[in-house]
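Before any comments, here is the structure.
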Amino acid sequence: MVNENVKKFGVINTVEGYSYIILVFIAMPMKYMLDIPMAVKVVGMIHGILFILFCVLLVKAWQESKWSFKNSVIFFIASLIPFGTFFTKSKIKTYE
């Protein structure tokens with residue numbers, strides 16, 4: 001049986017990871033090197049919405065799949081590190 005909340009969490013985990021990379025490595029250099037502050041405003045807003053959705057789905061997936069609190073903390077901390085969410089993909093797949 002496929003765990004829908006965990007599957008949704010896996011998708012948002014990846015999308016939020018890409019948005020974070022775009023924010024840090026594309027939008028912020030555009031702001032500070034090319035003087036285009038609108039890049040951070042737009043990408044930052046998108047990333048913020050995705051991060052909130054990530055947190056909501058993390059809690060839902062944690063409750064539904066009954067994984068440990070430690071794993072939830074690891075997933076959350078990984079989302080704060082660029083490229084961190086991509087290292088948790090295989091662990092999330094085990095809960096689907």
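The values are calculated or read from the model by the stated rules, or taken from the named source; none is laboratory data. Just so it is clear, the structure is predicted and the values come from calculations on it, not from any experiment. FYI the Cβ positions are ideal-geometry reconstructions off the backbone, even for glycines, and counts take in every protein chain you see.
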> Which one is surrounded by the fewest Cβ atoms within 10 Å (Cβ to Cβ), of the residues in segment 43-67 that are assigned to a helix (DSSP H, G or I) and more than 17 Å from the chain's Cα centre (by Cα)?
Replying inline: Gln63
> Which residue, of Ser19, Ser90, is surrounded by 15 or more Cβ atoms within 10 Å (Cβ to Cβ) and among the polar types (S, T, N, Q)?
Replying inline: Ser19
>> If I filter segment 14-36 for residues that are closer than 18 Å to Phe76 by Cβ, free of Cβ contacts under 8 Å to residues at least 24 places away in the same chain, among the β-branched types (Val, Ile, Thr) and in a helix (DSSP H, G or I), do I get at least one hit?
In response: no
> Residue check, Met45 against (1) under 16 Å from Phe83 (Cβ atoms); (2) modelled with pLDDT of 95 or more, all met but one. Which one?
Replying inline: (1)
> Conditions: (1) surrounded by 12 or more Cβ atoms within 10 Å (Cβ to Cβ); (2) over 17 Å from Lys8 (Cβ atoms). Phe76 meets all but one. Number of the miss?
Replying inline: (2)
>> If I ask for residues that are under 14 Å from the mean Cα position of the chain (by Cα), polar (S, T, N, Q) and part of a loop (DSSP other than H, G, I, E, B), which ones from segment 68-96 would you list?
In response: Thr88
> Ile92 is checked against (1) of a type in the set (A, V, I, L, M, F, W, C); (2) within 17 Å of Glu4 (Cα to Cα); (3) at pLDDT 85 or above and fails just one. What number does that condition carry?
Replying inline: (3)
> Taking Thr85 and the conditions (1) at pLDDT 90 or above; (2) touching a Gly at 6+ places or on another chain (Cβ under 6 Å), which numbered condition does it fall short on, given that it satisfies the others?
Replying inline: (1)
> Which of the residues spanning segment 11-62 are over 22 Å from Thr94 (Cα atoms) and among the acidic types (Asp, Glu)?
Replying inline: Asp35
